[in-house]
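Below: the structure, in structure tokens.
The values are calculated or read from the model by the stated rules, or taken from the named source; none is laboratory data. Every value quoted in this text rests on a predicted model; they were computed, and no experiment measured them. Methodologically, a virtual Cβ is constructed for each residue, glycine included, from the backbone with ideal geometry; neighbour enumeration extends over all protein chains shown. Just so you know, the surface numbers come from the protein's heavy atoms only, side chains and all, with ligands and any DNA or RNA stripped out. Shrake-Rupley method; radii C 1.70, N 1.55, O 1.52, S 1.80 Å.
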Amino acid sequence: MRVLLTGGAGYIGSHTLLKLLRQGHEALVLDNFSNSSPRALGRVKQLAQADFEVREGSICDAERLDQVFAEFRPEAVIHFAGLKAVGESNEKPLHYYAQNVSGSITLLAAMQKHDCRQMVFSSSATVYGDAAYLPYDEAHPLQPTNPYGRTKLFIEEIIRDWAASWPDASAVLLRYFNPVGADPSGQIGEDPQAIPNNLVPYIAQVAVGRLPFLSIFGGDYDTRDGTGERDYIHVEDLAAAHLAAVSFGHSQTGCEAINIGTGHGTTVLELLRAFERASGRKVPHKIVAERAGDVARSFASVTKARTLLGWQAERNLDDMCHSTWNWQSRNPDGYDA
Ligand code: NAD
Ligand code: UD1
């Protein structure tokens with residue numbers, strides 16, 4: 001199929017792009033490189049031994065989208081593009097709504113104009129907010145606790161209405177849990193532009209010597225060891241879930257929200273120990289106060305993904321830590337090295 005990846009130069013987009021190319025799909029990446037490097041795309045090209053189109057531009061630019069759709073005539077869009085820093089979204093909510101929500105509306109309008117009926121959207125488990133029960137299933141109430149999470153919820157609702165208004169349209173809303181890990185080649189991976197907000201890139205930068213120690217946010221949660229518990233999902237498994245979603249959406253109409261996780265929780269301390277084993281390095285750490293807005297435990301019900309997509313996670317915590325370390329140790333300064 002001909003697939004347009006918005007935000008395809010980013011962390012999850014680049015891994016999905018590689019898998020799409022390896023399976024013989026045609027791809028075009030539209031990215032404004034606000035949080036990524038064109039070098040990631042060069043590396044994907046080498047790894048895939050296949051070519052693809054790249055256009056620099058924003059999903060907020062209707063004219064640019066018009067050109068891209070007219071030229072490439074995509075059959076499906078995987079929509080990764082967006083801003084994703086929770087803290088920044090509290091400081092600049094309007095910027096987040098403009099980029100994420102307005103940008104998605106502009107994209108959906110371009111799809112309709114050019115008769116592109118299939119959308120796979122990068123949503124997040126953050127749409128659920130505090131757990132009313134666990135595991136989170138797709139029927140769990142949706143109450144995100146920050147502007148970033150609300151952009152994801154609003155976009156989901158907008159896509160749902162778009163799909164309902166167009167009988168031929170199909171949309172899959174993938175609610176990712178905690179994506180981590182890297183391609184086994186060590187050539188592509190997560191490359192945060194500033195000090196990482198998320199646990200695994202933070203640990204990786206401590207292990208490689210870029211940061212002095214890890215602050216563990218809270219040691220007194222109601223979990224096995226008192227530290228926060230999350231459902232970490234290997235980015236390669238996540239990439240495979242996108243291919244399954246593209247193929248599911250091809251033969252369906254309507255809109256489905258689907259969790260993408262492993263169904264298992266791992267605590268911060270468990271992850272830290274696994275990373276120390278994988279890297280052979282000590283990761284100095286201290287327990288500090290809880291981070292505002294954090295939940296104690298989060299993990300997915302993965303039944304719907306199995307049933308509808310025929311997909312399930314195959315990689316374990318050791319694979320996630322090994323591949324992260326392989327990427328980080330080969331690229332201590334990320335793509336800028
Ligand atoms: P990322 O920042 O690495 O990738 C996003 C890409 O979109 C970047 O290449 C960036 O330059 C591009 N971009 C941003 N705004 C754009 C715009 N207006 N026009 C064109 N391109 C734009 O992030 P990621 O981790 O790969 O996440 C991809 C998507 O998945 C995001 O929508 C994110 O919210 C969502 N998500 C990520 C996580 C996670 O933990 N990484 C979890 C849940 C959901
Ligand atoms: C965070 C976001 C969430 C977003 C997700 C994307 C917040 C409140 N939530 O989720 O909206 O969808 O990232 O990946 O920011 N931790 C530490 N020390 C650190 C960093 C994290 O102890 O330096 C702990 C956290 O308290 C948590 C776990 O590690 O228990 C995972 O944190 P993180 O990677 O930031 O993911 P989430 O909090 O699940």
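A few notes on this one:
- Eligible lysines near LYS92 by straight Cα distance, threshold 27 Å, same-chain separation 8 or greater: LYS84, LYS152
- Rg(Cα)/(2.2 N^0.38 Å) for the stretch 95-162, N = residue count: 1.22
- For the stretch 222-234, the Karplus equation 6.51 cos²θ - 1.76 cosθ + 1.60, evaluated at θ = phi - 60°, returns couplings of 7, 9, 3, 10, x, 9, x, 10, 9, 9, 7, 10, 5 Hz by residue, with Gly and Pro reported as x.
- Counting only Cα atoms, the size of the chain along its three principal axes is 54, 44, 39 Å, in decreasing order.
- Contact order normalised by residue count of the chain, Cα under 8 Å, 6+ apart, percent: 19
- Within-12-Å neighbourhood charge of ALA171 [Cβ basis; K, R +1; D, E -1]: -3
- The dipole here belongs to the stretch 152-277: it is taken about the Cα centre, uses +1 on the Cβ of Lys and Arg and -1 on the Cβ of Asp and Glu, and is about 220 debye.
- Karplus-derived HN-Hα couplings along the stretch 66-79 (A = 6.51, B = -1.76, C = 1.60, θ = phi - 60°), whole Hz, x at Gly and Pro: 4, 4, 4, 5, 5, 6, 9, 6, x, 8, 8, 10, 9, 9
- Rounded to the nearest 500, the 222 nm mean residue ellipticity of the chain from helices alone is -11500 deg cm²/dmol, with -39,500 (n - 2.57) taken per DSSP H run of at least 4 residues.
- Translational diffusion of the stretch 184-225, µm² s⁻¹ [Kirkwood Rh, Cα pairs; Stokes-Einstein; 4 °C; 1.567 mPa s]: 107
- Charged neighbours of LEU21, selected by a Cβ distance under 13 Å, balance to +1 (K, R count +1; D, E count -1).
- Looking at the stretch 196-291, none of the GluC sites (Glu not before Pro) sits in a DSSP loop with at most 11 other Cβ atoms within 10 Å of its own Cβ.
- Gap separating the Cα centres of the stretch 166-186 and the stretch 227-241, nearest whole Å: 11
- Looking at the chain, the accessible area is 42 square angstrom per residue; that uses a 1.4 Å probe and ignores ligands, DNA and RNA.
- Prolate/oblate/rounded label for the stretch 8-116 (Cα gyration tensor, a/c 1.5): oblate
- Crossing angle, helix 235-250 versus the chain [Cα axis fit, 0-90 degrees, rounded to tens]: 30
- Estimated dipole of the chain in Debye, rounded to 20 [Cβ of Lys and Arg +1, of Asp and Glu -1, Cα centre]: 500
- Rounded to the nearest 10 degrees, the angle from helix 268-279 to the longest Cα principal axis of the chain is 90 degrees.
- Nearest-ten-degree value, helix 103-113 long axis tilted from longest Cα axis of the chain: 30
- If R0 is taken as 45 Å, the Cβ-Cβ distance between ASN198 and ASP168 corresponds to a FRET efficiency of 0.75.
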